[in-house]
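Visitor: Sharing a structure with you now.
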């Protein structure tokens, strides 16, 4: 993976996101695939701010408990708007109860809890919500009798912030790139039907689902056979 862009965050936001990772024991890299982010933004016709992208990249269990994942943003935003929610917000997640959507303005300075039943909305600053999530995780850890309890006492120091760099990344693995006689080169977004079909974003910006046998993987592979212009 190569870094396409490091997200620009204030230290207070970075500190809280990192603390969430500490208390949840999260080890995954805080990154998002730049191509997938671009697809989401194109689908919605919106530009996601760095605070929102950092929330989606963090990968801790507290945020995942609210289904805060990049792959959910399009469907949640459509549900938010269809339910009468603010058009200037995107859907980030869902309260575990099911009826309340977690929304946020594009800049991500706060979050809002939108009740799809009565259209009520409760907005809070982003830092306050992250503090609440950290507090909930700490309470759960302190009640835990396992060795994981030690995470409750891990603090975030100033020197830790420099090494915490949520980012958008580009997958440059050759196996993730394919070529097609008609459509040219492109990147594999996902495999379908056990790899029989591939969803590909081509370099001209088009996105197509094609039978894998019509594509040649970079770095070697079978040559296309049959009608290479056919889509799956």
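Visitor: Please report, ordered by residue number, the strands (runs of 3 or more DSSP E) entirely within segment 1-112 with at least 3 residues that are in contact with a strand residue (DSSP E or B) (Cβ under 6 Å, 6 or more places away or on another chain).
Guide: Where strands (runs of 3 or more DSSP E) fall fully within segment 1-112 and carry at least 3 residues being in contact with a strand residue (DSSP E or B) (Cβ under 6 Å, 6 or more places away or on another chain), they are 2-6, 89-94, 100-105.
Visitor: Does residue 196 satisfy the criteria of being touching a residue at least 12 places away in the same chain (Cβ under 8 Å), over 18 Å from residue 38 (Cβ atoms) and surrounded by fewer than 15 Cβ atoms within 10 Å (Cβ to Cβ)?
Guide: Criteria met by residue 196.
Visitor: Sticking with this one: Go through 60, 67, 29 for me and flag whichever is surrounded by 21 or more Cβ atoms within 10 Å (Cβ to Cβ) and modelled with pLDDT of 90 or more.
Guide: 60
Visitor: Residue 122: modelled with pLDDT of 90 or more, in contact with a strand residue (DSSP E or B) (Cβ under 7 Å, 6 or more places away or on another chain) and assigned by TED's automatic domain parsing to the domain that holds residue 16, yes or no?
Guide: Judged against the criteria, residue 122 is a match.
Visitor: Inspect all residues belonging to segment 44-51 and state whether any of them is in the same structural domain as residue 122 (by TED's automatic domain parsing), under 26 Å from residue 114 (Cβ atoms) and crowded, with 21+ Cβ neighbours inside 10 Å.
Guide: yes
Visitor: Here is a follow-up. What pairs can you find where one residue is in segment 8-31 and farther than 21 Å from residue 139 by Cα, the other is not in a helix (DSSP H, G or I), and their Cβ atoms are less than 6 Å apart, with a gap of 6+ or different chains?
Guide: Matching pairs, first to second residue: 14/164; 28/59; 30/166; 31/167; 31/169.
The values are calculated or read from the model by the stated rules, or taken from the named source; none is laboratory data. In this text, all values refer to a predicted model and were calculated from it rather than measured experimentally. Every residue, glycine as well, gets a Cβ built from its backbone with ideal geometry; the counts of neighbours run over all protein chains shown.
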